[in-house]
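Computed from the coordinates by the stated procedures, all read-outs in this text should not be read as laboratory data. Small disclaimer: the values here were computed from a predicted structure and weren't measured. Here Cβ is always computed from backbone atoms with ideal geometry, including for glycine, and neighbour counts include all displayed protein chains.
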Amino acid sequence: MDNTNEHNNDRLNQLKSGATLVKRKINGRKYSRQFYLNEHEDYISYKKSRRLFGKPRIYYVRDIDEVRSGFRAHTFDHLVKRRHIKPNDETRAFSIMYNNHRSELHLLAPNKDVRDLWAAGIQNLVDRHTGKTLHHLLQEENWILKYFRAADLDKSNLLSKQECRRLLTNFLHVQLPNNVFEQIFKTADQSQEGLLSPDEFIAFFHLLTRRKDLYHIMQQHIANGQSRTIEDIHMNIAELLTFLQTVQHQMMTVTTNWDDGKSELSGEYIERPEQVQKLIDEFELNSELREQGLMSLDGFRNMLLSSEFDIANPLFTRQIYQDMTRPLCDYYINTSHNTYLFYSQLSGESNPEAYNRALLTGCRAVELDCYDGSDGQPIVTHGFTLVKPCRFESIIRYMEPNLFKTSPYPVILNIENHCSTEQQKEMARILKEILGDRLVTETTVDKNPEKLPSPEDLKYKVFVRSKKREKSNKSQLSKKKLDSDDRNVELLSESIQDTVTDLFVYLQNVSYREYEYAKIHYSPLHSSSLDETRFEKISRDNPADLILQTTWRIIRTYPGGLRQDSSNANPINSWNCGVQMAALNYQNEDDIMPLCYGKFLDNGGCGYILKPDYLINAQNTKYNPLNPKSGVDLSETLTLTVISAQFLSRSNTTTMDIPDPYVIISIDGVPCDRQIQKTAVVNNNGLNPIWNEKFIFEIKYPQMALVYFTVHDYNPISVDDKLAHFCLPFKAMQTGYRHVHLRGSNNNPIHSTLFVHVEIEKDCDELFSVRL
């Protein structure tokens, strides 16, 4: 064990011993509790209080989003201002953000050392949990025994057949035929007592979760495969090399570290036996097989579950590989609408943590609706609703540490300004004070001031997009038609131009006008917003006009005002027309948000995606998404076989019904490519359903296409529940046998997977080849 692991283990042991920490509430109340990390290291809690009906809350590591030391939370800020705590308490303070930043736990330790111990220890647990995939967990006895402990209701440390059957139904979500269950139980019950010890249960679990689908694949790719049993099947180096070359067309990522501290990923085809041996050494658990250069079924499973073999190509998803020196208008930008909300458009509160959630999921353009506060300080809220306001300063201050955690590229503050002259001055002061030299206050040096800069030019910068007083006279201004997001917006007063005009350098918001007018009166620094109703009309009646404007200036679309439930319009339509900023309600986990997560999975998740050349150069290509015969992209054929799924969970914890899963695969892109196909239903099996169903998709615009997987639970008497999903760009798919690591609600990583086979062919008269 190295020193780092030894230090981490010592730290976690101290957390298990516990410490007295004081919970602080925003109303000033405080509760002293003996906190501890549970022995299995999957949650923190505290010992029961003296309250008669008090029940300790459990904070699961899997639900924790962030750990912050000091007063880096709105609650602590409020407590300091109300003098409930002292400024010098900051060295003892830390906060835990969980439930997708929707919930918070604020604690004071006895001293700085204890605070640092707990903050670092919990962060270590979160990092460790985040780094684990299913192939890690299947090797972890503690994870497997979690099921054992859940089923051992009488705490006897033994499981009867009845308890095992209950476990299969309640926790592993599968109904086994009696003869299959009896055979597995008998094989695992080495003592022949009709009870399983923890060690015997681990054997039972491994027998239960053996991958028969992978066994059949191995049989097809080794000599005398049909004579091999599931227990003794293995691949030698030559057989595995052939499989990786001819079936997987597998590349392995190689990291090159440069002298300037930067690193770069590149792909290296597997061509040599020593490369195969390296894979065997990494994934084969049996030391004797490793030494002989053999890979067993479990090793084969571990390899195919690893990130290198994921359906999403790591060269696309784990690094920024696109040209980032083009003007901003050449990129799709990950954009949020009414970012301050966590729930509906009509109630709740404006919350700084909603910005942190959006930023940490890759968003690069956030929205602030700003109004005058009663105390002279500007606030952010949804006007004329029951949404509780939050100070503008609090939002900027508490999102500042997370601005560049997921991406080095610029953050855009889309400010809808309803403030008076004096409070606009306060907004300017706050932005300059908190953001400092990261705030863009002038055009980039040695660049054309009438041309948009690139993401690379604005690395680690923040700039404002808003409406600005224009130089034309008032009669001209009054004639301009305001878009719906511009109504009731106070234009910046001329009397404070010297104070704030330097904040509005790029993306000055103007009304959308037809192409000929825009070409004469607007520059690339002018940006326009369209609500979904007006966008739909323009994109239907005159898409070419809109597309041409997106080649030299930035357009933003956003959900219509009737979407009070925070639902979303489909951003695909905006992206098809070259719209850079398709703003979405991040607070809503509808069927639309996964399209955004899938789109911006590309280019290392940096939030900026380079548009296809035929959109960037639409003046020459005459691209039109409504014309399937434009011939600007090379058609491809996707043949997708949905083979199986693993460890599907119920959609909610209130039902005890075993899932009856089926899979829907949709292609989302230009209208001619939109297609949906689905598998049959597998009854009573969320653990390891098998489909083996093949689907073929013809795709005319591959560069615009997203592949969207959803797993549903069939219900004959009500709406089918969605169990999990995953979406990715078609061009980022790897061919061969691939696992799809599914996502749950709020796009959270879960341990459910789909297993598929992918084949992609380019449709070309001159060339017929499989994309490797």
- request: Report, in degrees rounded to the nearest 10, the 0 to 90 angle that the Cα long axis of helix 141-151 makes with the longest principal axis of the chain.
  value: 80 degrees
message: Give the aspartates and glutamates whose C-alpha is closer than 18 Å to that of Lys762, dropping any in the same chain fewer than 8 places away, or say none.
response: Asp633, Glu636, Asp673, Glu698
query: Among Gln292, His234, Ala223, whose Cα sits farthest toward the positive end of the charge dipole of the stretch 212-308 (+1 at Cβ of Lys/Arg, -1 at Cβ of Asp/Glu, about the Cα centre)?
result: Ala223
Option label - Rg and Dmax of the Cα atoms in Å computed here, alternatives [x] 31.8, 118; [y] 48.5, 184; [z] 28.3, 93: [z]
- prompt: In degrees from 0 to 90, rounded to the nearest 10, what is the angle of the helix 178-188 Cα long axis to the longest principal axis of the chain?
  reply: 80 degrees
In Hz, Karplus ³J(HN,Hα) per residue of the stretch 423-432 (6.51, -1.76, 1.60; θ = phi - 60°; x = Gly, Pro): 7, 5, 4, 5, 4, 4, 4, 4, 4, 5
statement: Once the in-chain neighbours fewer than 8 apart are removed, the lysines whose Cα is under 23 Å from Lys81 read Lys23, Lys25, Lys30, Lys112, Lys388, Lys425, Lys432
statement: Here the percent of antiparallel bridges among DSSP beta bridges lying wholly in the chain, to the nearest 5, is 80 percent
- prompt: How large is the dipole of the chain about the Cα centre if only Lys and Arg carry +1 and Asp and Glu carry -1, each at its Cβ, rounded to the nearest 20 debye?
  reply: 3000 debye
- request: Tell me which residues come under 5 Å, amide H to amide H, from Lys388 once H is placed; ignore anything under 5 positions away on its chain.
  value: Gly348, Glu349, Ser350
- prompt: By how many degrees, 0 to 90 and rounded to 10, does the Cα axis of helix 532-541 deviate from the longest principal axis of the chain?
  reply: 90 degrees
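Just for the stretch 328-621, what percent of DSSP beta bridges are antiparallel, to the closest 5? Don't skip to the end; give the middle numbers.
On the way: 7 of 30 bridges.
About 25 percent, rounded to the nearest 5.
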statement: Residues whose built amide H sits under 5 Å from the amide H of Val740, excluding neighbours closer than 5 in sequence, are Leu754, Phe755, Val756
message: Take Asn3 and Glu433, extend 7 Å from each Cα along the Cα→Cβ direction, and tell me the distance between the two endpoints in nm.
response: 4.3 nm
task: Round to the nearest 0.05 the FRET efficiency obtained for Thr91 and Asp260 when R0 = 56 Å and r is the Cβ-Cβ distance.
output: 0.95
